[in-house]
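This report concerns only the one structure given below.
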Amino acid sequence: MKTTIVDKKITESGMEVIVVGVPEHPENKEGWEILEDVFGGRLMDWVKAGDVKTDLKSITKLPVMGEASFKRVVFAGLGAPKKLTDQLLLEVFAKVGKELKGQKAENISIWLDSFTTESLEADDAAFAAAQGILLGSYQFDDYKTSSNEKDFAFETVELVSSADEDELKAAAEVGAVHAEAVNSARTLVNTPPNILTAVKMAEHAEKLAAQYDFELEVLGKQEMEELGMGAILAVNKGSVEEPRLIVLKYAGGREDWTDVVGLVGKGITYDTGGYSLKPREGMVGMKGDMGGAAAVFGAMQIIGELRPAKNVIAVIASTDNMVSGDAFKPDDVITSLSGKTIEVLNTDAEGRLVLADAVTYAKQSGADCLIDVATLTGGVIVALGKDKTGALTNDEAFFEDFMQATLETGEFVWRLPLTENDKKRLRKSEVADLNNSPGRDGHMIFGGGFVGEFAGETPWIHLDIAGTSEADAAHDLGPKGATGVMARTLATFVERLAEEAEGTEDGPQVG
Ligand code: BES
Ligand code: ZN
Ligand code: ZN
């Protein structure tokens, strides 16, 4: 997608489609009159009659009948300008993106200044426009032989505005970078499990490393055995596919590799439950059990593009969880990389096991704080529904900072408690240091809390995206299926940490 910024009259656009934002009372909006000529002075009457809709997120498409350099106008309803937020504007543009894709309109012109309000400036609109149309037009049809929308991509997007060209260009670029990374995360999650194996996950990391100059480390079964990663190895035991522990390092901050943010992702490419087998209805969809890994890869893609002044290490633990004569089983006791022993009570609680070794490895590799992301428990869906990510933490201040990033991206996160009593239950076992499944009551807390045992004193946030990683139906920002949730928030958080560090004396010592 090529984005250009132009300062001209929207009616002089040479693109096939122009996009215009319509607030509740467009007559109050400066410059609106110039559109009247295109529609023979009848536009305002149509708005009054409801033929051009102004409700938030509504779309009205009108062909141009008289003389004009473009074929169609797409009107995007903005509702009451005072109530319009960044998040809502993003959703408006996602609707526009979906509509334009439906029209196969590859060359478009967006009248950016028609989307501004007292609190939303042209650069906010540019960010939302680029991001929204890319998120809203996403579709996964890689394996449909008869899809006719396969080849759709925006060619030229012209943003028409009188605001500063460089600022708008930068804002639009950041918006596009965010959306493209979310869409890559979506595609990873949507890809079928016979194709996306742990080895393929590592190949994705290789591509990112080559493109963005990350340091890459990929551990296979043998290296895991040598290091004593008994937890991820136990989960992999029943599989014919090799496991992978994938590490990406981005050195944007201090040169001595201190002050490192660790992002850890659950990359279970398929979760049958193992011997604690899932019921047949519960198994379908478990190709998405690598949503946490996809979010971390997505965040790394954004970080690679925008290059914040911060050190970041990403660790992905990837394998499938299968049944076979070799598979691990309930009652097994395994020794994790940390040395802690674990009594397996439920082989379907595999995510926390692979995360245990990944978190330990991240710490050993220098992470000073940790965020793990995982489709970890059905319990989080029971607790919060499908539209909220559940969180746990051991550090209030760290969590507060993180919440600021979620407010910026609009990705809803809600924290659950983790008490000493919960920890006691995790540590209750006749035969080992920990057990992997203390019970079904409040089991989101036990899932994340188990991972916290390996984070120890290191500031840590756990994000359970079992509900939010995939949508059951089309939603404001995209179609049914993978959402790419948390990729934007993780990257935004790292960007803000970098800005904070730069603003202080002991900021990064780059170059
Ligand atoms: N991958 C699942 C969690 C999950 C459930 C993700 C629904 C997406 C949608 C996880 O490995 C799992 O099976 N968790 C169990 C834990 C239980 C055995 C303690 C669960 O949530 O039932
Ligand atoms: Zn499971
Ligand atoms: Zn799982």
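Brief remarks follow.
- The radius of gyration of the Cα set in segment 93-164, together with its Dmax, comes out at 13.9, 48 angstrom.
- Rg over Rh [alpha-carbon atoms, Kirkwood Rh] for segment 7-48: 0.95
- Overall dimensions of segment 182-258 as given by Cα atoms, namely Rg and Dmax in Å: 14.5, 42
- Listed residue (Ile334, Gly379, Thr393) projecting farthest to the positive dipole end of segment 288-435, Cβ model: Thr393
- Cross-link reach list, aspartates and glutamates versus Lys340, counting only Cα pairs under 13 Å and skipping chain neighbours closer than eight places: Asp357, Asp433, Glu453
- Three-way shape label, segment 408-479, alpha-carbon gyration tensor, a/c 1.5: prolate
- For segment 233-246, the Karplus equation 6.51 cos²θ - 1.76 cosθ + 1.60, evaluated at θ = phi - 60°, returns couplings of 5, 4, 5, 7, 3, x, 9, 8, 8, 5, x, 9, 10, 10 Hz by residue, with Gly and Pro reported as x.
- All Cα-Cα separations within segment 288-392 were binned at 5 Å from zero, giving a P(r) of 2, 10, 17, 20, 20, 15, 9, 4, 2, 0, each value a whole percent of the pairs.
- Restricted to Cα atoms, segment 441-484 shows a radius of gyration and a Dmax of 14.4, 41 angstrom.
- Using alpha-carbon coordinates, inclination of helix 351-364 to the longest axis of the chain, degrees: 90 degrees
- Spin-label model distance (nm) - Val431 vs Leu345, 7 Å beyond Cα toward Cβ: 1.4 nm
- Hydrodynamic estimate: the Kirkwood radius of segment 128-286 over Cα pairs, inserted into Stokes-Einstein at 4 °C and 1.567 mPa s, corresponds to D of 67 µm²/s.
- Shape call, segment 145-216: gyration tensor on alpha carbons, a/c limit 1.5: oblate
- Dimensions of segment 2-161 based on its C-alpha atoms, expressed as ranges along the principal axes with the largest first, amount to 48, 35, 31 Å.
- Mean projected area in nm² (Cα convex hull; one quarter of hull surface) for segment 335-476: 8.8 nm²
- Prolate/oblate/rounded label for segment 69-121 (Cα gyration tensor, a/c 1.5): prolate
- Across the chain, the relative contact order, built from alpha-carbon pairs under 8 Å that are at least six residues apart, equals 15 percent.
- Taking 18 Å as the limit for the C-alpha separation, the pairs Lys101/Lys200; Lys57/Lys82; Lys57/Lys144 exceed it in the case of Lys101/Lys200; Lys57/Lys144.
- At q = 0.07, 0.13 Å⁻¹, base-10 log of I(q)/I(0) for the chain (Debye sum, equal scatterers on each alpha carbon): -0.41, -1.16
- In terms of distances greater than 30 angstrom between alpha carbons, the cross-link table entries Lys237/Lys363; Lys221/Lys278; Lys61/Lys287 yield Lys61/Lys287.
- The length gained by stretching the chain between Val382 and His475 to full extension, at 0.36 nm per residue less their Cα-Cα distance, is 31.5 nm.
- Intensity falloff of segment 287-334 expressed as log10 I(q)/I(0), Debye formula with alpha-carbon point scatterers, at q = 0.13, 0.15, 0.24, 0.31 Å⁻¹: -0.51, -0.60, -0.94, -1.16
Since every read-out is calculated from the coordinates, none of them should be taken as a lab result. What you are looking at is a predicted structure, and each value in this text was computed from that prediction instead of being measured. FYI the Cβ positions are ideal-geometry reconstructions off the backbone, even for glycines, and counts take in every protein chain you see.
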